[in-house]
Amino acid sequence: MRRSSFFILISVLLSTNAFPQATKNNVTGIVADKLSKYPIEFATVQLLHPKDSAVLSTTITDKKGKFVFNKIEEGSYILHLSFIGYENNNVKIIINRQKQNLGSIEITATSKNMSEVIVTTHKSLLNTNIDRKVYNVARDIMAQSGTASDILKNIPSVEVDIEGQVLLRGSGNVMILINGKTSPLMGKSRAEVLQQLPANSIERIEVITNPSAKYRPDGTSGIINIVLKKNIKYGWNSLVVANAGNKNRYNGGINFSYKKGKINIFSNYNYRRDSRLRTGNLTREYFDSTGKTESYYTENNRSPS
């Protein structure tokens, strides 16, 4: 009986060695950039079958570029690496007990040669900041031939009446600055000055509805700052502007300037005709000593000359 038991035990051991079970391993590696050698995060790593390229397992690299495949049987495989902006890379690998860490596997960034790259940008028509609204005149088609009054009509919260007077939020008590400074031209005759100032000489208009104390805005509804273009052209320069409209309205102007060093001499002449039909009604009542009242009604019509 003892010999039989011993023979049976040896037979079981031999059968176990004759049919070994497949060993499963954890496979690790790192995906890195070929040029900089830095690890790549969120790269896709796929384990493919070598015969038909069937996907057996898929994972993504961590912050250190490391990937892990759990419980992979020993054998030959294809490792497929992919990431946005990089060329796909297929690597043949063999996994066994001695080789479970694949080390660093590099992928190459894609590159394309371009003959020419043109980058264009432009400012928006109206920018709203914390303390002001900035209107970029160069983006307005009226800036090619209009006047400063025409530009002000297009700015939100700013109005220009029939006489050319500027109103800010319905109030005519507004301070108008030129390049951030007060100007004697912006006094009682500022309506005529704004109607003669060419719009193409203005870079931007800033509307400050809540000005700081440095502008001394007491009693005003706000500030309109007209920023002029900085012209650095030397020598003689001239500009001719002409506009025409319906109902017998037209204007024109010519400007000359001479600049040499710090000396700048300029002169301009402008003409404007703006005819409108106006109608006015007036009613008056007079009281005499007897308490009687007399009413007078007059109507005045004034046509353009």
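The values are calculated or read from the model by the stated rules, or taken from the named source; none is laboratory data. What you see is a predicted model; the values in this text were computed from it and never measured. As a convention, Cβ positions derive from the backbone with ideal geometry for all residues, glycine included, and neighbour counts pool all protein chains shown. Ligands, DNA and RNA are excluded from the accessible area calculation, which covers all protein heavy atoms including side chains. Shrake-Rupley method; radii C 1.70, N 1.55, O 1.52, S 1.80 Å.
In this calculation the C-beta distance from L277 to S171 is compared with R0 = 35 Å, giving a FRET efficiency of 0.80. Full extension of the segment from K259 to T110, taken as 0.36 nm per residue of separation minus the current Cα-Cα distance, would add 48.3 nm. Accessible surface comparison of Y86, Y77, probe 1.4 Å, protein chains only, largest first: the order is Y86, Y77.
So if R0 is 22 Å, what FRET efficiency would K24 and K64 give, r being the distance between their Cβ atoms, rounded to the nearest 0.05?
0.35
Taking all protein chains as they are arranged and a probe of 1.4 Å, the heavy atoms of T121 leave approximately 130 Å² accessible to solvent. Of I93, I141, the residue with the largest accessible area leads and the full order is I141, I93 (1.4 Å probe). Approximating the spin labels as points 7 Å out from Cα along Cα→Cβ, the L125-to-Q100 distance works out to 6.9 nm.
Here the label points at K181 and A242, each 7 Å from Cα along the C-beta direction, are separated by 3.6 nm in the simple model. Distance from the alpha carbon centroid of region 45-77 to that of region 154-177 works out to 72 angstrom. In this rough spin-label picture, where each label sits 7 Å from Cα along the Cβ direction, the Y38-A138 distance is 3.5 nm. Checking the Cα-Cα distances for K230/K259; K71/K92; K34/K112; K34/K66; K34/K64; K51/K112 against a 22 Å cut-off, the pairs over it are K51/K112.
Multiplying the residue separation of E192 and A54 by 0.36 nm and removing their Cα-Cα distance gives an extension gain of 41.5 nm.
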